[in-house]
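Read the structure below first, then the notes.
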Amino acid sequence: MVYNYVLLIVGILFLVAFVWIELKVAGQPLVPIKALSGESILALAVIAAGWGSFGIWVYYLWDFLEVLRGYSALAACAQNAPVAISGLLASVATGTLLSKTKVSNVLLLATLFFLIGQILIATAPPTQIYWAQTFVSIIIMPWGMDMSFPSGTIILSNSTVKEHQGVAASLVNTVVNYSISIALGIAGTVDRNVNKGGRDVLGGYRGAWYFGIGLDVVAVIIALYFVWRMRG
């Protein structure tokens, strides 16, 4: 559709205009781009890749359960219920880890959880029982979420001057939402182009998940560099 290309171009132009105004025009910019350090940029890149992957994982997980495995919406909800317990444990563990180790190490752990969870669901056969890979993936992914968000917020708050700390930390939430939207849009394009016109639904889902795995690998690499840089 022509309007898709038009909207894409307009969106890019608006993004460029926003950056230009924030850097050159605004006396009190909404986003303190100049105040962001190298550590902040690295942390935001890790969060963008990890949460973009998560958006792909959760969207296609529901399709996988309902379309390919034939579960009802209620049954699919029940199968996702363990995230509540896993997320609670992850939150408690994250608070403990942040008090005992470097924030960069926690961020690296988050990317590994994102990667492992994505690989498990991407390689799960439709005929496999829930308790094998799907259940494990569902209880792993909250750890990536609950570790990456607070660690990213702390990194951005600590790497900017005091008057910009609140705004800088709020960038984490902005990046999370934008990365999920953009990555899921790209994953949908991958799905549509590899599912053979709808004849290979599983192939389309896996294509999207494989793209998510690629994002996770990027996140892990950046996080490793970040850990190395912080130690140096």
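Bear in mind these aren't lab numbers, they're just calculated from the coordinates by the rules spelled out. The shown structure was predicted, so the numbers you read here are calculated from the model rather than taken from an experiment. In this analysis, Cβ positions are derived from the backbone assuming ideal geometry, glycine residues included, and neighbour counts consider all displayed protein chains.
Here are the numbers for the structure shown:
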read-out	value
Globularity ratio of the range 154-232, using Cα Rg and 2.2 N^0.38 Å	1.52
Trypsin sites (Lys or Arg not before Pro) lying in DSSP loop within the range 146-232, provided at most 10 other Cβ fall within 10 Å	Lys196, Arg199
For the chain, built as a Gaussian network whose Cα springs stay under 10 Å, the top-fluctuating residue of Gly214, Gly204, Gly95	Gly95
Mean projected area in nm² (Cα convex hull; one quarter of hull surface) for the chain	14.5 nm²
Cα→Cβ-extended label distance, 7 Å offset, between Leu30 and Thr174, nm	0.7 nm
Loop trypsin sites (Lys or Arg not before Pro), the range 55-156 (other Cβ atoms within 10 Å of the site Cβ: 12 or fewer; DSSP)	Lys100
For the range 103-127 versus the range 149-214, the gap between their alpha-carbon centres in whole angstrom	14 Å
Residue (of Leu109, Pro150, Ile221) at the positive-pole extreme of the chain, dipole from beta-carbon charges	Ile221
For the chain, built as a Gaussian network whose Cα springs stay under 10 Å, the top-fluctuating residue of Glu66, Glu39, Glu22	Glu22
For the chain, size of Cβ-based charge dipole, Lys and Arg +1, Asp and Glu -1, in debye	340 debye
Extension gain from Val167 to Cys77, taking 0.36 nm per residue of separation minus the Cα-Cα distance	28.9 nm
Over the range 38-231, relative contact order from alpha-carbon pairs under 8 Å, at least 6 apart, %	40 percent
